[in-house]
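Only one structure is covered here, and it is reproduced in the block below.
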Protein chains: 2
Amino acid sequence: MDIRTRLISTAEQLFDRHGFTATGMDRLTHGAGISSRTLYKHVGSKNRLLAIVLDERDRRFMRSLASAVSVDELFGALGAWFVDEGARGCLFLRVWAETGGDVPEIVEAMTRHKARLRQRIEEIVEAEIGCRDDELAEAILLLVEGVTHAAAYRGSATVDVALRAARRLIEGARTQGLSS
Amino acid sequence: MDIRTRLISTAEQLFDRHGFTATGMDRLTHGAGISSRTLYKHVGSKNRLLAIVLDERDRRFMRSLASAVSVDELFGALGAWFVDEGARGCLFLRVWAETGGDVPEIVEAMTRHKARLRQRIEEIVEAEIGCRDDELAEAILLLVEGVTHAAAYRGSATVDVALRAARRLIEGARTQGLSS
DNA sequence: GGAAGTGTAAAACGATCACTTTACTTGCGC
DNA sequence: GCGCAAGTAAAGTGATCGTTTTACACTTCC
């Protein structure tokens, strides 16, 4: 495997499992099997490494949602993500809070990711009910954000609760659309 | 103000705003206006200080929800909390993840807090619809958890979206209760 | 066959980490 | 007025932080 790829995926795991600040450069170099000099040649600094990790994670996460055209598929993909990657809350929000919102690269990566997620949910809602519905999309976003964090302490079964709640909201929006 | 109280509230603010690991003992002692010797006499260690901070935060948070007997009041209290204390995601989940789930005192404080929150929501749901409804309570919990984290990047106005979604779910549960 | 590029190991950088210790002051009770 | 509890400032503990540097090995390409 490519050195850079190995470094980034190692860093993502360590940051996710032990936190950004608590993960030292020695654990990163040792984990990736490279020297510190090579690490700095490739990514420049710890903050830059985190920014790269976040962008890569965003790409992988969005790819896992790429084919979803219904809330069933949305929460199905989310459940699969939790099984594959674990559920410890949103990494973007966590490192954003951990760095106090003081690192511009991280603030931007977080903002970009959340905007894309919101956009993706908007598309899924539109595919589901046939028209745009900002209010409904925002509510589904809340359920997605909720299950992302609740799954950390209530387990992956919570995904089913979120799905059923989302179905109810969609059903409500459909009948409301018919009656109005 | 009492030294211990001052220390704990200072620590809560610093941990919340800058993260647990990133907050050094010098910032804590300086912020509370005490010597490091006094800090260690009072709380023993940084981890113990965090555990005390979390318990205190739990008490204050649950007190802010104590009078709520409807989802309107629940999300009203939540919105007020975000205005007063800021919205940077759940501190319990953040420090739990930051410490990799390795510190027993923190795992326990987090678990206790989430169990109490879940219990409180169950009571509110029961007061609202007249009977227990685990599924509905779990869905409201997801909305609460969702708005706690979404408010960090979408602003406090998201509370209204959560409230309207919760009302819909309650309405659905009521009509379902009548029809079945 | 020499230059350039890419990697290594390991030492050093000053700063900061959580925490302890030493030496000294202050206020209160008996 | 003596002792004791509770506070201070400040130095010191060894470890670890992110980052840079030095010295050297291995390809690859002209």
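Once B binds A, the 1.4 Å probe can no longer reach about 3300 Å² of accessible area, counting both sides. Restricting the calculation to alpha carbons of segment A:1-44 gives Rg and Dmax of 9.5, 27 angstrom. Spherically averaged projected area of the convex hull of Cα atoms, the protein assembly as shown: 19.5 nm². Accessible area of B:His42 (1.4 Å probe, protein heavy atoms only, ligands and nucleic acids ignored): about 70 Å².
Could you please state, rounded to a whole Å, how far the C-alpha centre of segment B:32-84 is from the C-alpha centre of segment B:102-119? Taking the Cα centre of each part, segment B:32-84 and segment B:102-119 sit 13 Å apart. Between copies, the label points at A:Gly76 (set 7 angstrom from Cα along Cα-to-Cβ) are spaced 4.2 nm, reported in nanometres from shortest to longest.
Ellipsoid fit via the Cα gyration tensor, chain A: semi-axes of 36, 15, 14 Å, each the root of five times an eigenvalue, largest first. Relative to the other identical copies, B:Ser35 shows label-point distances of 4.7 nm, where the label point lies 7 Å from Cα along the Cβ direction and values run shortest first. Calculated mean residue ellipticity at 222 nm for chain A: -26500 deg cm²/dmol, from DSSP H runs with n ≥ 4 weighted as -39500 (n - 2.57), summed, divided by the residue count and rounded to 500. Over the protein assembly as shown, accessible surface divided per residue gives 44 Å², non-protein components excluded, 1.4 Å probe. Placing unit charges on each Cβ (+1 for Lys and Arg, -1 for Asp and Glu) gives segment A:55-179 a dipole about its Cα centre, and among A:Gly79, A:Phe61, A:Leu91 the Cα reaching farthest toward its positive end belongs to A:Gly79.
Once the partner protein chains are put back, segment B:20-51 shows a loss of at least 30 square angstrom of accessible area, versus the chain by itself, at B:Thr21 (probe 1.4 Å, ligands and nucleic acids excluded). Taken one residue at a time, the phi angles of segment B:35-51 give Karplus couplings (6.51, -1.76, 1.60, θ = phi - 60°) of 7, 5, 4, 5, 4, 6, 4, 7, 10, x, 7, 5, 5, 4, 4, 4, 4 Hz. Gly and Pro are set to x. Computed with a 1.4 Å probe on the full set of protein chains, the accessible area for B:Tyr153 sits at about 50 Å². Measuring with a 1.4 angstrom probe and ignoring ligands and nucleic acids, B:Cys131 comes out at about 70 Å² accessible. Only protein atoms count toward the accessible area here, which uses a 1.4 Å probe; on chain B, the carbon and sulfur part of that area reaches 51 percent.
3J(HN,Hα) along segment A:126-142: 5, 5, 7, 10, x, 8, 5, 8, 4, 4, 5, 4, 5, 5, 5, 4, 4 Hz, from the Karplus curve 6.51 cos²θ - 1.76 cosθ + 1.60 with θ = phi - 60°, whole Hz, x for Gly and Pro. Residues in segment A:98-107 carry Karplus couplings, in order, of 5, 9, x, x, 9, 9, x, 4, 7, 4 Hz; the curve used is 6.51 cos²θ - 1.76 cosθ + 1.60 with θ = phi - 60°, and Gly or Pro positions show x.
The values are calculated or read from the model by the stated rules, or taken from the named source; none is laboratory data. Here the structure is a predicted model, which is why all the values come from computation and not from measurement. Every residue, glycine among them, receives a Cβ derived from its backbone with ideal geometry; neighbour counts consider all protein chains shown. Quick note on the areas: whole protein, heavy atoms, side chains included, nothing else; ligands and nucleic acids left out. Shrake-Rupley method; radii C 1.70, N 1.55, O 1.52, S 1.80 Å.
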